[in-house]
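Below is one structure, written out as structure tokens, with a few remarks after it.
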Amino acid sequence: MSTFRNLVESPAGSKYILQGNAAFALGVVHAGFHAADGYPGTPSTEVIDRSLAFVQDRMKVGWSVNEAVAVGVGVGHAVAGFDAVVTMKIPGVFQAGDVISTSAFNTGEAGALVIYAATDYVPSSTQHVVDARYFLASCRLPVLEPRNHQEMYEIARTAADISRTFNTPVVILASGILAHSEGLVITRDPRTVEPRQVPENLKPWMLTPAIARVNYNKVTTERMPKLRQWTENSNLVNQTEGPHDFGIIVNGEAEIIVKEALNTAGLNPPILSLAVTNPIPVERIKRFAERVMGQLFIIEDGGRFLEERIRLQGIDVIGKDENSVITDWKPEQVLEFLSHHKDIDYKTEEKTIGIEPLNRPPTICPGCPYRAFGLVVDKLKRKKKIYASFGDIGCSTLLYFLNALDTVLCMGASDSMRQGFVLSRPDMAHQVISVIGDSCECHSGLDATRNAVFRNTPGVKVILDNSITAMTGGQPAPSSAANLAGVPNKFVLKDAIAAEKSRMVAVDAYNLKEVEQELTRALELAEKGEFTTLILEGACIHETESEKKVRQLRINYEKCEQCGLCGVCPGIEFDDERKPHFTILCSNCGSNTQVCRQRCPFDGIELIEEEVEPVGSPIVPPAIEEIEEMQIARSRLQLPESLRLAIRGIGGQGNLFFGKVLSEVALRTPYAETNIVKGETHGMAQLGGPVISTFSCGTVFSPVLAPHSADVLVVMEASEVLRPGFLDLLKPGGTILFNRFKVVPATAKKEDYPGLEEIETALQEFRVIFTDAYQAAKEHGDKTGRTANVVMLGLLSTIEPFNRIPVEVWLSALMAVSPNDFIKSANQVAFKAGRQRNPHQHLYKQ
């Protein structure tokens, strides 16, 4: 996979498998934008974080402290004549609602202003599923909804043109499914856009109530009719033909879901597809409806926004029920919906094997600096010293699963919620606390800190300071050492808190004893009417140097009394005799004082020094000439029309890498001339929670697979095969690759985990190949077992129909995504080990 700068500089017509966010970011650069701003929020973060951040020599790029500020910065860029994009997730739209709604009615000539907001209708990492189109439409803003990965790339150019032509901000609502899946993208010639001249004066951006009324009227009676007329001939509206006994209207990402469903069922009705949903192309919709002889259906994500507006035009459409809870369609839901109205020859039966899946909530990472605090709060709650802990958004939300958090409202609201509780229940000021991360405190939490001082509200506010915006992947915050451009931060969080004139105490987040002492002391002072801000300092484990995360601990079983107190982290598991053992997930607490060691009352966990030996020997990737010959010969490969695969595991097992290799493999086959799509689970599910990834190529449309369509299911963690709907994906005669590896969640007991023999017996009706990829990796020199995912890739390369792709293609793809010689060597060894795990290989011969 190429770096973002390589993508930017690639010639027109280049083909890449890109995440939707990366495709959009590439489109931003190629469309000639001058600036990008935003606030990290899954699933929008990668537009800046892993993409535009690397072209700061071409455009002005930065993170702002929150979404409202970011939109204000974007407006400033536009007023200066520069084309700007501002990124956020849907809650950020409402956080910035004042700025967005006000800027919508500015009518002065300016550079383009595009707001990119990624939806999350599942939701995977958002606290609500509100359809923002109702709000945006009331602001008279044009709303675009890209339909596939190619359009994710192209839509930035379209949005900028609309913004400049009609002097309006433009909102791109990108589906989280598209934003965080990957698909085939073909690049265009980049363009250069000259900034507009600075206006003679800025009076067109003045708003008083009287001016606001004039602007509202002008936008409503002049701008919106022109935009509506523009949509009638826009390429954001297209139509596919088919038998006219029924028709479908779709919008945005719902298009590829519908096409995947129809392809599975062998249906080919006419479809009117909309990538612009405000304003709607009324005449195009009317003409389409007149041509459909039978029923007309509408399938849209979110609420019933489009359906309601189409009905207002006197067009009879059939959509979701009034009380439907479908906010993101799946292929099987589409077919079920249509079958209620049409005679469709498609039925699906859910496969059940009689074993309940293990509850596996996402957890804070092994070695996270928050864990000590979570243990202390749980202890104080059990002692009745803490009644409730008011929580916030981010990694700290996961403390809920450690019994250290009770509520979440929205970003920055943890202490304001606590204050309201205390103002009503002053006698409980010493029994409640609020919890927030450092980036959230900088986002909007400081307002609540100031309010506690202003309102003289006693209590305890805890700031978990890991010096980064961690949940979204480690973006810089004002509390970080430097900003996105690498300029050292002058802002100091402790100084800012101290300047609010509350009592402020900072402690080492890894020091269990000190955390408990200071929290207990703060609660005692709260009873006397004092407000304390307790800052727990400890770097995010993912920002810690790799060498500090190598385990330097061992268990002295002569001292161990098997009390179980060390079992507070996925880095430790217990055998049948209740003896603790370190797992491959142990991160040594980043070489801070390890929490498990502090918990042991018998000094049974000891420090050691141990070197990690390299895996395998250096290798040389295939020569360029050989790769070119394979590409020339690929037309002779006898491949099926499509390949589909789904992978289930838990966060941290390398599912993302697995998918990257498959994408590179497909690019080296004739599938590069059709379509390649890869879907991933992102957000909180990555943190030890259940993860599903999908891959498909050929005549395929969606990263969400239809039932009975997958050729192979890969099970990376044994109990994850039990997740509802997973086995339903397997087509008749398909194969399951089952890794005999299990991880008991920190929130579960060992006896809660289903027996491996029980699971294997329940899978007898399926074609299953059982293996132990972690053991295979260790047998071939990887003492950590972390190349187990590559072992499974090697095994997959021997399984029909994936074995029709020559092994040279697999190795070429694997080397392309391996960043250095050491990893290339380790991955080649693991891949070959996997190929040896299939006792019944029937390799395809050309």
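Across the stretch 476-492, rounded Karplus estimates of 3J(HN,Hα) from the backbone phi angles (6.51 cos²θ - 1.76 cosθ + 1.60, θ = phi - 60°) give x, 10, x, 7, 7, 5, 8, 8, 4, 7, x, 7, x, 6, 8, 5, 10 Hz, Gly and Pro being marked x.
Model label sites at Glu500 and Asn238, defined 7 Å from Cα along the beta-carbon direction, differ in position by 5.2 nm. Stretching the chain fully between Glu545 and Glu356 yields a gain of 64.1 nm (0.36 nm per residue, less the alpha carbon separation).
Residues whose amide H falls under 5 Å from that of Val61, counting only those 5 or more places apart or on a different chain, are Ala36, with hydrogens built in the peptide plane.
Fully extending the segment from Leu565 to Lys832, taken as 0.36 nm per residue of separation minus the present Cα-Cα distance, adds 92.1 nm. Calculate the FRET efficiency for Thr674 and Glu751 from the Cβ-Cβ distance with a Förster distance of 45 Å, rounded to the nearest 0.05. That gives a FRET efficiency of 0.40. Here each label is just a point 7 Å from Cα along the line to Cβ, and for Ala485 and Asn556 those points are 5.4 nm apart. Taking all protein chains together, Arg425, Arg837, Arg371 sort by accessible area into Arg425, Arg837, Arg371, largest first [probe 1.4 Å]. Shape of the stretch 1-96 from the C-alpha gyration tensor: oblate (a/c of 1.5 or more and a/b not above b/c, with a ≥ b ≥ c the square roots of its eigenvalues).
Quotient of the Cα radius of gyration of the stretch 25-70 and 2.2 N^0.38 Å, N being its number of residues: 1.07. Note that the stretch 45-57 has calculated 3J(HN,Hα) couplings of 4, 5, 4, 9, 4, 10, 9, 4, 4, 9, 10, 5, 7 Hz, one per residue in order, obtained from phi through the Karplus relation 6.51 cos²θ - 1.76 cosθ + 1.60 (θ = phi - 60°); glycine and proline are x. In the chain, a dipole from Cβ-located charges (positive for Lys and Arg, negative for Asp and Glu) runs towards its positive end, and of His244, Ser103, Thr593 it is Ser103 whose Cα lies farthest in that direction.
Put simply, the amide H of Arg767, placed in the peptide plane, has neighbours under 5 Å in Ile736, leaving out anything fewer than 5 places away on its chain.
Here Lys379 is the anchor, and the aspartates and glutamates within straight C-alpha reach of less than 15 Å, apart from those fewer than 8 places off in the same chain, are Asp406, Glu514, Glu516, Glu518. About its Cα centre, the chain has a charge dipole of approximately 1140 debye under the convention of +1 per Lys or Arg Cβ and -1 per Asp or Glu Cβ, with nothing else charged.
Here the calculated FRET efficiency for Glu336 and Ser138, from their Cβ-Cβ distance with R0 = 45 Å, stands at 0.85, rounded to the nearest 0.05.
Here the peptides 583-589, 777-783, 110-116 are ranked by packing, the mean other Cβ count within 10 Å, and the order with the highest first is 110-116, 583-589, 777-783. Using a probe radius of 1.4 angstrom, the carbon and sulfur fraction of the accessible surface of the chain is 50%. Over the stretch 234-378, Cα pairs under 8 Å with separation of 6+ residues give a relative contact order of 24 percent.
When you restrict to C-alpha pairs under 8 Å that are six or more residues apart and normalise by the size of the chain, the relative contact order lands at 10 percent. May I ask you to work out the translational diffusion coefficient for the stretch 689-846 at 37 °C, viscosity 0.692 mPa s, via Stokes-Einstein with Rh from the Kirkwood sum over Cα pairs, reported in whole µm²/s? Rounded to a whole number, D works out at 196 µm²/s. Let me know the shape class of the stretch 153-213, please: from the alpha-carbon gyration tensor, a ≥ b ≥ c as square roots of the eigenvalues, rounded when a/c is under 1.5, otherwise prolate if a/b is greater than b/c, or oblate. Taking the square roots of the gyration eigenvalues as a ≥ b ≥ c, the stretch 153-213 is oblate.
For the stretch 640-663, the residues whose amide N sits under 20 Å from a probe point set 7 Å from the Cα of Val807 along the beta carbon direction are 661-662.
Pull out a ≥ b ≥ c, the square roots of the eigenvalues of the alpha-carbon gyration tensor of the chain, then state rounded if a/c is under 1.5, prolate if not and a/b is larger than b/c, and oblate in the remaining case. Because a/c hits 1.5 or more and a/b fails to exceed b/c, the chain counts as oblate. Net length available on complete extension from Glu577 to His128 is 157.3 nm, with 0.36 nm assigned per residue and the Cα-Cα distance removed.
Placing +1 on the Cβ of every Lys and Arg and -1 on the Cβ of every Asp and Glu, with no other charges, gives the stretch 280-341 a dipole of roughly 340 debye about its Cα centre. Its Cα gyration tensor gives the stretch 48-139 an equivalent ellipsoid. The semi-axes, each the square root of 5 times an eigenvalue, are 22, 19, 10 Å from largest down. Amide H to amide H distances under 5 Å link Leu274 with Val250, Asn251, Gly252, where only residues 5 or more positions off or on other chains count and H is placed in the peptide plane.
Averaged over its residues, the stretch 191-327 has an accessible area of 50 Å² per residue, based on protein heavy atoms and a 1.4 Å probe. Note that the stretch 149-159 has calculated 3J(HN,Hα) couplings of 5, 4, 6, 4, 6, 7, 6, 4, 5, 4, 4 Hz, one per residue in order, obtained from phi through the Karplus relation 6.51 cos²θ - 1.76 cosθ + 1.60 (θ = phi - 60°); glycine and proline are x. For the stretch 480-502 versus the stretch 692-754, the inter-centroid distance based on Cα atoms is 45 Å.
The modelled label-to-label distance for the pair Phe454/Gln197, using points 7 Å beyond Cα in the direction of Cβ, is 4.4 nm.
The residue list Ile584, Pro745, Pro43 was ranked by how far each Cα lies along the charge dipole of the chain toward its positive end, using unit charges on Cβ atoms, and Pro43 comes out on top. Estimated from the Cβ-Cβ distance and a Förster radius of 25 angstrom, the FRET efficiency linking Asn217 and Asp161 is about 0.50.
The values are calculated or read from the model by the stated rules, or taken from the named source; none is laboratory data. In this text the structure is predicted, and so the values were computed from the model without any measurement. Cβ atoms come from the backbone with ideal geometry, glycine included; neighbour counts cover every protein chain shown. Heads up: the accessible areas ignore ligands, DNA and RNA and are worked out on the full protein's heavy atoms, side chains in. Shrake-Rupley method; radii C 1.70, N 1.55, O 1.52, S 1.80 Å.
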